[in-house]
Structures are given as C-alpha cells and as structure tokens.
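**Q** First the structure, which I've put down as structure tokens, then a few questions once you've had a look.
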Amino acid sequence: MKILLVNSNRYHHPPVIPLGIEYLLGSLSRSRHSAAVADLCFASDPFMELRTALSDHAPDLIGISIRQIDSVLYQNNEFFLDDAAQYTALCHEAGLPVVLGGSGFSIMPHDIMAYTRADYGISGPGEGALIDLLDRLDASLPADRIIDGYQALPGSRYAFARIQAGEYQPYVEADGIVGFRTQIGCTGRCFFCVEGTNRIIFHDPLSVGREVRGLKECGYTRFHLCDSEFNISIDHSVTVCKALIQHAGTICWTLYMKPEPFNHALFTWLKKSGASMITLSIDTLSQTEAAYPQLGRFFSEAAAAGIDVIVDLSIGFPYEPEGSAQRMLEFLDAQPLLSVGVNSYYRVYPGTPLHRHIMLDTQLQGKLIAPREEKGFLYPTFFCRFPEEEVSVLIGGRSKFRVEGLEKATNYQRASAKSA
C-alpha cells in the first residue's frame, strides 16, 4: 500500500522537525509498503498543498500526525484540532481513509477520533502498529479503529531507522533545532501529566550514535533531545553518551531530565558527549523541603561538569501547603542555575491525578479556566491557584525567575539569548 504521511504541526515558536514521521519512514522502508510526506508546517495554503500531495502521490491511506492538541499555554492559547478535522474531511472527500497518530493524539485518542471523524488511530509508538494496520488493510482484513502501538512493539530495545522527511533548513532558519530520540515512554507520575507509563522502549545506543553521526555529516552540530526525560535509566543514559562520542564526536546538545536518578558518572559522560544545557522539571508537590539536599547535589554536579541548568518549576497544586512555593523559590535562588520558569497554569487532561481531584471537589472546579466557550477537557481547560500577578509577587523582581507562558520560546532559545 501507499501511504501519505502528513505533518499537521504548523506551530512556529519554534517550528519542530517532524521526528516521529522520520522514524515511521525508517520503519516503512523495511516493509513492503511505500510512503511519501506532505509537510504543512510552512505552507502558505496548507489545504491546497495537501490537495496537491493527494494528486501527486495517489496514496491508498493518509496518516496525519498530531503533535499537540493545543499550545498548552494559557495565555494566547492555540487549538490545533480544527485544522486536523478539516484535513481529515478533505481526505474523505477524495475517498481516502485516514489514520491519526502522534504524541498529541495519544493523549485523548477516543475524543480526538470523534472530533476529527478519522477512520483509524494509533495510540503510542507507530513504528510497528502502522505496518500492522497497512498489512491488514492490504489483505482486506478488519482492523481496530484505535490501535495500541505498544502492543506492536513487544520488546524493550530496538534499533529504530530514521529517514529525513524533508529539508531542515527552513526549520533551522526559523530557530528550530534538529532533534533525536533515545527512548519512548516515561516512568514519571507527575500530578498533571499524561506521559507516565510502566513501559519504556529503548533505542539501541549504537543506532543513536550512528543516527547523530549521519545528521552531523549533513552539517548539523546542535541538537535537542526529544525524550520526555533522559535519565530514566542511568546505565542507558551513560551508554548513549559513550555511543555519541564514539560515532558522532564533537556535538552540542540540550536535554530534559528529572531530579532522580543521577550520579557523578552520568554528569561526567554528559559533558564529554557535548551536553551543554539541562532543563530540569520539578514541582512543589513531589519536591518538598526534604528533597532540597538531593536537588542541591544535582545542581552542584551539573555546575562542576560545566553544564547549564534551567528549571521548569510548577507551583500551585490542589492542597499544596501554604508557603511551599515561596520556600522553593528561595531555595532555587541560592542555586547555580541559568534561570527558573515558574508555571502555575495546568492544562487539565482526563486520567491524570489533577483531573480526578478536580472532579471530586467543587471548590477546585472553581479554579478552572476555559479560554474557549466549548465544554469538555478536549478543549483547552486550565487549573490555576496562582494567577500570573500573584506569581510575579512571589518572584519579587528577582532576575533569575520568570513567569512561564508569557512568551513563546523554548529554554534552548532563552539560553542562546543569554549567551549572545
């Protein structure tokens, strides 16, 4: 079968190279099916460009990647599913079935299927599930409407192939950065997050090293890691760093980490492999004052290795003790950090602890904010105890801190601006 993979992500702050589609292309290249790509990110008329792609490639099936449901920011929120629904309708007008996938789709697959009226959906990784779906459709066999992508990848380690989906230069010129991935899934149980899972699928470290070497040979030396959190397994993380050194040599890369686990060896190998900046995600719910000494050791290890740290701090949870946010700010103010972004607006997703608490407490429901008139959590709905004005008072003019969400920029962009 012939499939047209559509990058529907047109958010430009910054634009993100469609990494998931590139791994799908690598997987499809090892199958009997063929694929083409319609990247709508910079299209002046995305609907006309999609129509042209349907005509040029004559596919049997359309795969639309949904990276995000909305921009996740409370201020000036952008909702992306209306475009996805229109792309689906355009494909249906051409008589073509549509399969949805991507990290955004996996958050609320049933609701998004109903909203867009797509034919199929893959929740989770698509590298195995998409081929299984194409095989079934090609053989005129029935297929589930929503497919669990994890079931199609039964192992825990794979050497994922990757094929470039298009030119990177428009992304780089618009302040995008080339990404790579070393694992799928996350072991975190963050109060507001939907990404936590008991299942982690690791990329083979040698394949990661060779992948980055190939990107470097194309002229790229700055990279951003697209894992949810890099340090899920110290052994895997250290082995990846060694593979990067062995195969790619000198590069510069940034990454996300969680407070634990870590050790001295991890920071040593991060520095040797070219890691220049870590974004550490912490919150005042799990990181109580008892955790401050261990957090301090994390910051000290990073500073000793010469790696900058930016903290994404979340405050204002339901039932959070009075004064915990202020104590955390005072602690972080004394640490060797490049900056701290303070977030107090939480996008509410069904299935999270935050959502469950809100549904059981009418007082918490009074803290919900919905920028759009439509009801239901598919649409951007936020929980907030501390509006930005109160966060500004907590920050108290200290230059290390900023109110998160007021500007559309990533941490690697902020770090580049500080060093410029």
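**Q** Considering only residues that are in contact (Cβ under 8 Å) with a residue 40 or more places away in the chain, surrounded by 15 or more Cβ atoms within 10 Å (Cβ to Cβ) and either more than 30 Å from Gly179 (Cα to Cα) or touching a Lys or Arg at 6+ places or on another chain (Cβ under 8 Å) (or both), which ones fall in the stretch 391-413?
**A** Once the filter is applied, which keeps residues that are in contact (Cβ under 8 Å) with a residue 40 or more places away in the chain, surrounded by 15 or more Cβ atoms within 10 Å (Cβ to Cβ) and either more than 30 Å from Gly179 (Cα to Cα) or touching a Lys or Arg at 6+ places or on another chain (Cβ under 8 Å) (or both), the stretch 391-413 yields Val391, Leu394, Ile395.
**Q** For the stretch 43-56, state whether one or more residues are closer than 23 Å to Asp144 by Cβ and either among the β-branched types (Val, Ile, Thr) or out of contact with any strand residue (DSSP E or B) (no Cβ under 8 Å at 6 or more places or on another chain) (or both).
**A** Among the residues of the stretch 43-56, not one is closer than 23 Å to Asp144 by Cβ and either among the β-branched types (Val, Ile, Thr) or out of contact with any strand residue (DSSP E or B) (no Cβ under 8 Å at 6 or more places or on another chain) (or both), which makes the answer no.
**Q** Could you list all residues from the stretch 29-59 that are farther than 18 Å from Leu90 by Cα, surrounded by fewer than 22 Cβ atoms within 10 Å (Cβ to Cβ) and touching a residue at least 24 places away in the same chain (Cβ under 8 Å)?
**A** The answer is Ser29, Arg30, Ser31, His33, Ser34, Phe42.
**Q** Looking only at the stretch 56-65, decide whether some residue is assigned to a strand (DSSP E or B), touching a Gly at 6+ places or on another chain (Cβ under 8 Å), within 21 Å of Ile17 (Cβ to Cβ) and among the small types (Gly, Ala, Ser).
**A** yes
**Q** Mind checking which helices (runs of 4 or more DSSP H) fall wholly inside the stretch 241-338 and carry at least 2 residues that are polar (S, T, N, Q) and within 29 Å of Gly179 (Cα to Cα)?
**A** 264-273
**Q** Tell me yes or no: at least one residue of the stretch 6-15 is touching a Gly at 6+ places or on another chain (Cβ under 7 Å), closer than 14 Å to Gly101 by Cβ, at pLDDT 95 or above and not aliphatic (A, V, I, L, M).
**A** Looking for residues that are touching a Gly at 6+ places or on another chain (Cβ under 7 Å), closer than 14 Å to Gly101 by Cβ, at pLDDT 95 or above and not aliphatic (A, V, I, L, M), one finds none in the stretch 6-15, hence no.
**Q** Which of (1) of a type in the set (D, E, K, R); (2) in the same structural domain as Val37 (by TED's automatic domain parsing); (3) surrounded by fewer than 17 Cβ atoms within 10 Å (Cβ to Cβ) does Arg157 not meet, given it meets every other one?
**A** Condition (2) is where Arg157 drops out.
**Q** Can you tell me which residues in the stretch 276-288 are hydroxyl-bearing (Ser, Thr, Tyr) and either over 12 Å from Lys258 (Cα atoms) or exposed (fewer than 15 other Cβ atoms within 10 Å of the Cβ) (or both)?
**A** Hits for the stretch 276-288 are Ser276, Thr284, Thr288.
**Q** Inspect all residues belonging to the stretch 89-102 and state whether any of them is of a type in the set (D, E, K, R), touching a Leu at 6+ places or on another chain (Cβ under 7 Å) and over 30 Å from Ser344 (Cβ atoms).
**A** no
**Q** A follow-up question, please. Name the one entry in Ala305, Ala291 that is surrounded by fewer than 21 Cβ atoms within 10 Å (Cβ to Cβ) and either under 23 Å from Pro353 (Cβ atoms) or at pLDDT below 95 (or both).
**A** Answer to the check: Ala291.
The values are calculated or read from the model by the stated rules, or taken from the named source; none is laboratory data. These numbers were taken from a predicted model, which means no experiment stands behind them. So basically every Cβ, Gly included, is an ideal-geometry build from the backbone, and we count neighbours across all protein chains shown.
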